[in-house]
1. In segment 106-125, how many residues are touching a helix residue (DSSP H, G or I) at 6+ places or on another chain (Cβ under 7 Å), of a type outside the set (A, V, I, L, M, F, W, C) and in a loop (DSSP other than H, G, I, E, B)?
2. Considering every residue within segment 215-226, establish whether at least one is assigned to a helix (DSSP H, G or I) and out of contact with any strand residue (DSSP E or B) (no Cβ under 7 Å at 6 or more places or on another chain).
3. Output the number of the condition that Ala312 fails; it satisfies all remaining conditions of (1) under 16 Å from the mean Cα position of the chain (by Cα); (2) surrounded by fewer than 19 Cβ atoms within 10 Å (Cβ to Cβ); (3) of a type in the set (Gly, Ala, Ser).
4. Please find, among Gly295, Gly266, Gly249, Gly278, the residue that is more than 20 Å from Leu139 (Cβ to Cβ), of a type outside the set (Asp, Glu) and either open to solvent by 30 Å² or more (accessible area, probe 1.4 Å) or outside any loop (DSSP other than H, G, I, E, B) (or both).
5. Would it be correct to say that Ser74 is near the ligand (Cβ under 9 Å from one of its atoms), open to solvent by less than 30 Å² (accessible area, probe 1.4 Å) and not charged (D, E, K, R)?
6. Against the definition (modelled with pLDDT of 95 or more, among the hydrophobic types (A, V, I, L, M, F, W, C) and open to solvent by 30 Å² or more (accessible area, probe 1.4 Å)), how does Val290 come out, yes or no?
7. When Leu100 is evaluated against the numbered criteria (1) in contact with a strand residue (DSSP E or B) (Cβ under 8 Å, 6 or more places away or on another chain); (2) assigned to a loop (DSSP other than H, G, I, E, B); (3) aliphatic (A, V, I, L, M), which criterion, by number, is the only one it fails?
8. Find the residue count for segment 81-108, including only residues that are on the phi < 0 side of the Ramachandran plot, away from the ligand (no atom under 11 Å from the Cβ) and open to solvent by 30 Å² or more (accessible area, probe 1.4 Å).
Amino acid sequence: MYGVGAVGTLIAKFLLEKEGVEIVGAVDTAKDKVGKDLGDVLGLGRKLTIKVTDDADLLLRQAKPDVAIHATSSFLKDTYSQIAAIVENGVNVVSTCEELSYPYITDRKLAEKLDLLAKRHDVTVLGTGINPGFLMDTLVITLTAPCQKIEKIEATRVMNAATRRLPFQKKIGAGLTPREFKKKIENKQITGHVGLEQSISMIADALAWKLDRIVGEPVEPVMTKKAVGSDNIKVKAGNVAGLRQKAKGIMKGKEIIVLDFQAYIGAEEEYDAVAITGIPNVKQKIHPCVHGDLGTISMVVNAIPKVINAQAGLVTMKDLPPPSAAIEDMRKYVSL
Ligand SMILES: NC(=O)c1ccc[n+]([C@@H]2O[C@H](COP(=O)([O-])OP(=O)(O)OC[C@H]3O[C@@H](n4cnc5c(N)ncnc54)[C@H](OP(=O)(O)O)[C@@H]3O)[C@@H](O)[C@H]2O)c1
């Protein structure tokens, strides 16, 4: 485990329940975690006799895991050196880093460097999660399979953020006044959702579409008319409950891929919808939307055998076999 924050903790707890997989070490730089037993950090009420360390290199050399589950940051520039160090130790990587889901749009040179490094060390690197990683890209790509022609692709995700983890609620500005929200977005203290550009690029790449450009619309706060909240955050009437973000892939002057992401506390109708206008039209709606945290944990864990089995290099979800659940003993999915 590399990063035992909110998501890393949930992934570790799930891995502990799974057959055919063993956690052999944990890395985190947070002062309140380093040196503690992983069982205590996860709040299990029992020891796992695994000490959380901030020396990733030493741990990787000693433990020699088959794969590192990496969950520290959304941005490639922050995670590159962490992931490169894992790769240099000959270890596969499954990361929740959003920009890694399609890193060629983020920083092509860095992505190519990571790809070469992974090939040199004969390991595979994948960025995945529920979104980016599945709902607004891999699932959309799969739904294009029965189409002969496609004029437009639209994907919408609407979720009630009341049931999400605290870092996510903070990332979408829940609880802020409209003025605080504007300021924090401007000075990048809150990022909103990261990954729409990556999802659009992955879809376009799968369809061999050369986009003119990708346009990210300004992040809009969603204000609540009545007080709403969750165990973590209370939002007063008139304050920000979350946000709405849209991004568009433009080809030959037309909006050909449109992604609409809405996450706010109190959203009444939660859904994931994909509408493909083409021959034939394809419309799909998942109701209520897939739970973001549960979905991310599953996507990451289910990707482990596919990453171990994959060719060496930096891969994206569209390069792997169709995603599927690894619900049985994990060893059943690994080809030797
Ligand atoms: N693709 C998806 O669908 C998806 C879904 C969920 C989450 N994510 C992303 O996954 C990442 C993790 O999410 P989270 O909610 O778990 O965040 P979090 O609670 O902030 O956890 C991150 C943990 O990593 C630690 N860390 C930071 N830099 C480190 C480093 N260099 N080496 C080792 N540990 C380090 C942090 O310590 P400090 O607290 O001291 O910094 C923290 O304990 C986020 O970027 C999130 O956006 C993606």
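The values are calculated or read from the model by the stated rules, or taken from the named source; none is laboratory data. Owing to the predicted nature of the structure, the values given are computational and were not obtained by experimental measurement. Neighbour counts are summed over all protein chains in view; Cβ atoms, including those assigned to glycine, are modelled from backbone coordinates with ideal geometry. What goes into the accessible areas is simple: the full protein's heavy atoms, side chains included, and nothing from ligands, DNA or RNA. Shrake-Rupley method; radii C 1.70, N 1.55, O 1.52, S 1.80 Å.
1. 2
2. no
3. So the condition that Ala312 fails would be (1).
4. Gly266
5. So Ser74 passes the test.
6. yes
7. Failed condition: (2).
8. Qualifying residue count for the region: 7.
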